[in-house]
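Working notes, beginning with the structure itself.
Just so it is clear, none of the values below were taken in a lab; they were calculated from the coordinates. Quick caveat, the model's predicted, so the values are computed rather than measured. Note that we place each Cβ from the backbone using ideal geometry, even for glycine, and neighbour counts take in every protein chain shown.
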Amino acid sequence: MFGIVGAAAGVAAIPATYHVRELNGGPPSITLRAIRSDGARISASLPRPKFAFRTLWLPALRQEIHAWDDLRLVSTHYQPEPKAKKELSSCGHKADRGSTLVGSGTVAGLTAFRYRSEDYEYWFTPELDCREVKMVAGSESVREVIFVKKGEPDQELFAVPGDFREVAPSEALKETIRRTQGRSLDPANFTDQSMLKALEQMDKRYFASQQYKP
């Protein structure tokens, strides 16, 4: 197994597991997110789909891992050495440029600071290492934390079996389409052209990140 790592120097995260609900004019979606005391994070859809997908951020290893559990594929992106960032008690370093602090309150029982820009409102909580706990865009788009369990999350969430095959992102996503839709992407199809172009850019970022591999 790999992906379960020790503490990263200088990281002082507050461990917790929480659920985020997103409303965007259609059926709501639920995402499971978790953060460990060493700063490692995970995001995964709930309920787990047939072709489960997880994203893991492991600061101690400077890795961002995309894992397709049912396909047994993994795509590992490596990060450069992080630059020191200024931490603010009101989480202002997380807000978009042009955002203004307009107040504070609670979201899912967490103390949060509210920022407003021209098109969005964001809430960030220092209780979860200044993670976003609510976002509102217009009258229909809302993303917010609806459940929080403080304490170290289940370590299995961060475990990636050693027999997963390392691939570029495009290979895993093309295989997902083949299995879920029973077809391959067609370069002659206008919609597929956009998808193929996006996959090309994803692969470019993936291969560029390999220069930081230890």
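Given LEU110, SER170, VAL20, which one lies farthest toward the positive end of the charge dipole of the chain, if we put +1 on the Cβ of every Lys and Arg and -1 on the Cβ of every Asp and Glu?
Checked the options; the winner is LEU110.
What Kirkwood hydrodynamic radius do you get for the chain when you take the inverse of the mean 1/r over all pairs of distinct Cα atoms, in Å?
After inverting the pairwise mean of 1/r, the radius is 19.0 Å.
Karplus couplings for the range 55-61 from phi (6.51 cos²θ - 1.76 cosθ + 1.60, θ = phi - 60°), rounded to Hz, Gly and Pro as x?
With coefficients 6.51, -1.76 and 1.60, one gets 10, 10, 10, 10, x, 5, 9 Hz.
Once you put a point 7 Å from the Cα of LYS197 and another 7 Å from the Cα of ALA168, both along the Cβ direction, what distance in nm separates them?
1.8
Would you list the P(r) distribution for the range 168-214, with all Cα-Cα distances sorted into 5 Å bins from 0 and each bin expressed as a whole %?
Final binned percentages: 5, 21, 23, 23, 13, 8, 5, 2.
Choose one answer from LYS83, LYS204, LYS50: the residue with the largest mean-square fluctuation in a GNM of the chain with alpha-carbon springs under 10 Å.
Of LYS83, LYS204, LYS50, the most mobile in the Gaussian network model is LYS83.
With label points built 7 Å along Cα→Cβ from the Cα atoms of ALA208 and ASN24, find their separation and express it in nm.
Placing both labels 7 Å along Cα→Cβ, they lie 2.4 nm apart.
Any idea how far apart SER90 and ALA188 come out in nm if each label point goes 7 Å out from Cα toward Cβ?
Those two pseudo-labels are separated by 6.0 nm.
If R₀ is 41 angstrom, what is the calculated FRET efficiency for the pair GLU175 and THR100, using the beta carbon separation as r and rounding to 0.05?
The value I calculate is 0.35.
Quick one: what are the phi-derived ³J(HN,Hα) couplings along the range 136-151, Karplus 6.51/-1.76/1.60 with θ = phi - 60°, whole Hz, x for glycine and proline?
10, 10, x, 9, 10, 9, 9, 10, 8, 6, 10, 8, 9, 10, 6, x
Write down the percent of antiparallel bridges among all DSSP beta bridges whose residues are both part of the chain, to the nearest 5.
95
Once fully extended, how much extra length lies between THR31 and ILE146, figured as 0.36 nm per residue of separation less the alpha-carbon to alpha-carbon distance?
40.4 nm
Given R₀ = 30 Å, FRET efficiency for ASP119-LYS83 by Cβ-Cβ distance, to 0.05?
On the way: r = 28 Å, r/R0 = 0.93.
The calculated FRET efficiency here is 0.60.
Helix 169-181 sits at what angle to the longest principal axis of the chain, using alpha carbons and giving 0 to 90 degrees rounded to 10?
Approximately 80 degrees, to the nearest ten.
Taking the Cα centre as origin and putting +1 on Lys and Arg beta-carbons and -1 on Asp and Glu beta-carbons, what dipole magnitude results for the chain, to the nearest 20 debye?
With Lys and Arg at +1 and Asp and Glu at -1, about 120 debye.
Please get the size of the charge dipole for the range 96-214, origin at its Cα centre, with Cβ charges of +1 on Lys and Arg and -1 on Asp and Glu, quoted in debye to the nearest 20. Working shown, then result.
Numbers: 17 positive and 20 negative charges, 23 e Å.
Taking the Cα centre of the range 96-214 as origin, the dipole is about 100 debye.
Only helical DSSP H runs with n ≥ 4 go in: add -39500 (n - 2.57) per run for the chain, normalise by residue count and round the 222 nm mean residue ellipticity to 500 deg cm²/dmol. Walk me through the intermediate numbers first.
On the way: 2 runs with 33 residues, N = 214.
Estimated from H runs of four or more residues: -5000 deg cm²/dmol.
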